[in-house]
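In what follows, a structure is listed as structure tokens, so that the remarks can point back to it.
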Amino acid sequence: MRGTQSEDLDSVATRPTWGQRCRRLLLHRRATLVVALVGFLLVLPTLSYGYFLDDNFHIYVLRGGEMPGGPQGSWDLYRFSSGTAADLEAKARGIFPWWTSESLRLGFMRPIPSLWRALDHRLFGESAVIPHLQVCLLFAGLVAAVARMLRVFFGDGEAARAAAVLGALAFAIDDAHALNVAWIANRYSLISALFGVLSLIAFASPRKAARLASPLLFLLAMLCGETSLSFVGFYLALVWLRGPDQWKLLVLRLVPHAVVLAGWDRAARCTGNGAHPALVCTQFISNRSDPSGESSEFRRERAGVHPPGAGAAFVRAASVLLQEPAAELCRSLRSTTAP
């Protein structure tokens, strides 16, 4: 009897704890694949979401629809306003609200996502299932790439490998990615992030061929979306973490990336991309507490332009109701920022 009790106590003592079991799972050679699969399954319900917002605008353009001051081709689907006289026609059609600035320019140089969307429309028509499935697969690939990127930052030890997989799992289940995954027009952020992460991994690689590919991957990331500018901070953080003895070498490796960034900025300016200024309504809200701060352009438009149609009374009533709260908000913000 005593022998049986001692054997039970020994088995309990040798039984792995929950922490040890989790560590084994995180260190499993297929752990990254499992985390990527988890990410894929979590976003799979988006297959039934269909199109919304800018997706419908892209379909209109790909059908052959015309928007004054809008896209100049299938490679330019993320241009909404060119800041030219053509925008006046867009305002007259009701595409832009009546208070929109005449100098509004709103365009983003994202040729790769634009061409990808145009190819989808050509091959699969207006079905949203295949584009959503592509996004799900893209997200799974991004999760796997994030796991590898975290290994670059954390190192090759067991604890570092487990932390990288755990970080990738946290990335996969983060609800902040819902809009990027569910909105087909917003998948540019996923593909730009994927190229950016791969560029960062290649930048830290000891192999020369991979290091040479890093600027090219960074260029592809920038051509997918201006959100890839955030990877500049990751490059600098990686250089800093490698220590002073490697700073000079790593900074020299960043020179091609700086050339890519300068070339992208020049191309974006030459093609008329960018955002300037904001809608005039934001200027209305920010200056109501101090009418002297209104620009001459805004005073002219506010005095001489009125919203057309039956909704004019509603717009005027809403502006009156919001005027005092907006002024109070501006006063509070100014008091908190004043020295």
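Coordinate-derived values only; no laboratory data. As the structure is a prediction and not an experimental result, all values here were calculated from the model. Cβ placement follows ideal geometry from the backbone for every residue including glycine, while neighbour counts extend to all protein chains displayed.
Below, the figures for the structure above:
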read-out	value
Residues in the stretch 125-159 reached by a label modelled at ARG242 [backbone nitrogen below 16 Å; 7 Å Cα→Cβ]	149-156
Approximate spin-label separation SER48-ARG29, in nm, with each point projected 7 Å along Cα-to-Cβ	3.9
Cβ-derived FRET efficiency at R0 51 Å, LYS208 paired with ASN56, nearest 0.05	0.65
Part-to-part distance (alpha-carbon centres) for the stretch 94-123 and the stretch 31-49, which is given in Å	29
For the stretch 170-270: rounded, prolate or oblate by the Cα gyration tensor [a/c cutoff 1.5]	oblate
Amide H partners (placed H, <5 Å) of ARG105, local residues excluded	HIS276
